């Protein structure tokens, strides 16, 4: 269990400074206080006070998303949410959700029973039972990457996929690429649909034709690469944009396996910028999502809904991080 | 000049309570503190402390928008922004902007010169000189109803026009209306373009045909009604959706003048729900924008940008407020 001493050691400050930070003392700066609190949350520290007091509770419902290791996509999202919530005296409980739970329990009933003031849902697919119930929920709810119409209790949060995909396509086009493939995430998800539209529109805006044989779904897993990369390569792709960094890492491996050099023969671009992206060989050019900020903003949106401020959407800017897996197109036109 | 006594009187609390609220004392509730501060800002109270200290400053740049009277569209937006900014120790200066100023001063230079940490821009049109400069600004900037691509220093805020127009069209369609006219706001503005798209798409989603002779731009002024309502009426419109409540009030007057009863002969729907909407005869059904919350959320977004959180958009839910200017369609089909 994390102690004050552990936090002090990590931050390189005295134990009394950590104690002051945790107790909101007025003789240390706000920045330092915030850093102490953020680190305490990150390290899983829980004070006696927070365990005893009857804090208000928020839930993070997670489906189909890894979040427990720092390398996972969901890790920073959960952390950012908790860091902001903790500062405002909310406890946060993480609830892994299965389709069984969704079938057995009504969403609103479950929240009421567990005394959650609101919830943040991540990783849900369009066909999920609870997603349908959100059309009429009265519980403050923030959804990562999913949108519900006309219910003022529900807010969408996400990175602007359109802008992210558009930046990647324009970047590749400026490097001379024309046969650009897109290995999207899972079908049956709003974010994949948005990115598919964005890819086709961005290609057309660059005067390029999105080709059927250069588009497929990769289900967010590296293994998907072997099913689609061979077809992309034989269809003349000079670049592949991927639905996440895991797919991209699989694509790099598959290209190498087939004797194609990355980036000389084929450029590869990921999505997310998880820690993996800087350790692939070559390191991965990717569309960064600010995941910690997504979590923090999700909390801000949820807290707004709790206070009856009808936020409908919050989106964050993506950022194109250029590393070594992309370069000018070498193919003759 | 507003005194502590004035605030106490308005709120019905003691002078010492107001004083505690203004000074952040810990023995009154957060809710009461917030109410005191909000009221102080609304009544234009400025403490000696706030006048003396060198507060950080934010600007609200206003063009083409009335905000000085409580009846004006911009009043609550400016108030909400100031209420939230004041709580976080920002001073807010309101700067009316002309095209001359925009031509004479570069946007970034002006902010630096005036020592603004960031700015909230309301009422700007697409052709404005400063809007072009926002593509590359390095100053934290929040724009009401305008969007700038790919610049992480700029955030869009607005009410979801698509949802608002869609709710109005569906509502009228459910009342049996088919010949629905749309008297939009000013051309050359993002919000009018969005609403035009939303109107045409919503009509089609209801199986109705948007007709050219039933669509026009009303420039957000009541006087525009007389130029367009006669044509709408002679083309068989049974309902008119308007770009704001001012246009709608002009439409009601024009219909009456021509012997058409509202709502029996023709339903009229406004946009915004400014105070005027409940005083027209009949009172106006309208698509409400939560203007105080728009202002508050604009501050939250701007403060996020100041802290390098790359918020791209924040939208709020509209709400259809049903009053007496709309009813089931009486026309034979």
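The values are calculated or read from the model by the stated rules, or taken from the named source; none is laboratory data. What you are looking at is a predicted structure, and each value in this text was computed from that prediction instead of being measured. Because the Cβ atoms are built from the backbone with ideal geometry, glycine has one as well, and the counts that use them run over all protein chains shown.
Here are some notes:
- Residue A:210 vs. criteria at pLDDT 95 or above, outside any helix (DSSP H, G or I) and in contact with a helix residue (DSSP H, G or I) (Cβ under 9 Å, 6 or more places away or on another chain): yes
- Test: residue in the stretch B:285-294 that is more than 14 Å from chain A (Cβ to nearest Cβ) and either part of a strand (DSSP E or B) or touching a helix residue (DSSP H, G or I) at 6+ places or on another chain (Cβ under 7 Å) (or both): yes
- Where a residue in the stretch A:111-122 is over 15 Å from residue A:85 (Cα atoms) and its partner, wherever it lies, is assigned to a loop (DSSP other than H, G, I, E, B), with Cβ under 7 Å and at least six apart: A:111/A:139; A:122/A:65
- Among (1) in contact with a strand residue (DSSP E or B) (Cβ under 6 Å, 6 or more places away or on another chain); (2) in the same structural domain as residue A:217 (by TED's automatic domain parsing) - the single one residue A:255 does not satisfy: (1)
- Of the residues making up the stretch B:295-308, those that are under 23 Å from residue B:273 (Cα atoms) and more than 9 Å from chain A (Cβ to nearest Cβ) are B:295, B:298, B:299.
- Test result for residue A:254, more than 14 Å from chain B (Cβ to nearest Cβ), crowded, with 23+ Cβ neighbours inside 10 Å and farther than 30 Å from residue A:152 by Cβ: yes
- Scanning the stretch A:277-289 for any residue that is within 30 Å of residue A:154 (Cα to Cα), within 14 Å of the chain's Cα centre (by Cα) and surrounded by fewer than 24 Cβ atoms within 10 Å (Cβ to Cβ) turns up at least one such residue.
- Test for residue A:157: is it within 14 Å of chain B (Cβ to nearest Cβ), closer than 23 Å to residue A:299 by Cβ and without any contact (Cβ under 8 Å) to a residue 40 or more places away in the chain: no
- Selection of the stretch A:165-192 for residues being surrounded by fewer than 24 Cβ atoms within 10 Å (Cβ to Cβ), in a helix (DSSP H, G or I) and modelled with pLDDT of 95 or more yields A:166, A:167, A:170, A:171, A:173, A:174.
- Within the stretch B:73-95, the set of residues being surrounded by 17 or more Cβ atoms within 10 Å (Cβ to Cβ) and over 15 Å from residue B:120 (Cα atoms) comprises just one member, B:73.
- Across the stretch A:127-148, the qualifying residues are those that are assigned to a loop (DSSP other than H, G, I, E, B) and loosely packed, with under 14 Cβ neighbours inside 10 Å, and the one among them that is farthest from the other protein chains (Cβ to nearest Cβ) is A:127.
- The condition of being touching a residue at least 24 places away in the same chain (Cβ under 8 Å), more than 17 Å from residue B:327 (Cβ to Cβ), out of contact with any helix residue (DSSP H, G or I) (no Cβ under 8 Å at 6 or more places or on another chain) and not in a strand (DSSP E or B) holds for residue B:236.
- Per this entry, residue B:117 is not counted among residues that are in contact with a helix residue (DSSP H, G or I) (Cβ under 9 Å, 6 or more places away or on another chain) and within 14 Å of chain A (Cβ to nearest Cβ).
- Residue B:268 under 14 Å from residue B:322 (Cβ atoms) and either in the same structural domain as residue B:182 (by TED's automatic domain parsing) or part of a loop (DSSP other than H, G, I, E, B) (or both): yes
- In the stretch A:274-284, the qualifying residues are those that are touching a helix residue (DSSP H, G or I) at 6+ places or on another chain (Cβ under 8 Å) and in contact (Cβ under 8 Å) with a residue 60 or more places away in the chain, and the one that is nearest to the other protein chains (Cβ to nearest Cβ) is A:274.
- Residue that is more than 30 Å from residue B:154 (Cα to Cα) and part of a loop (DSSP other than H, G, I, E, B), where the choices are B:229, B:262: B:262
- Filtered residue count, the stretch B:314-333, keeping only those that are away from every other protein chain (no Cβ under 12 Å) and either crowded, with 23+ Cβ neighbours inside 10 Å or not in a strand (DSSP E or B) (or both): 12
- Any hit, the stretch B:25-43, residues being touching a strand residue (DSSP E or B) at 6+ places or on another chain (Cβ under 7 Å), closer than 30 Å to residue B:247 by Cα and not assigned by TED's automatic domain parsing to the domain that holds residue B:186: no
- Residues of the stretch B:96-125 that turn out to be under 22 Å from the mean Cα position of the chain (by Cα) and surrounded by fewer than 15 Cβ atoms within 10 Å (Cβ to Cβ), as a count: 3
- Given (1) surrounded by fewer than 24 Cβ atoms within 10 Å (Cβ to Cβ); (2) assigned by TED's automatic domain parsing to the domain that holds residue A:123; (3) farther than 14 Å from residue A:84 by Cβ; (4) touching a residue at least 24 places away in the same chain (Cβ under 8 Å), index of the condition residue A:311 fails: (1)
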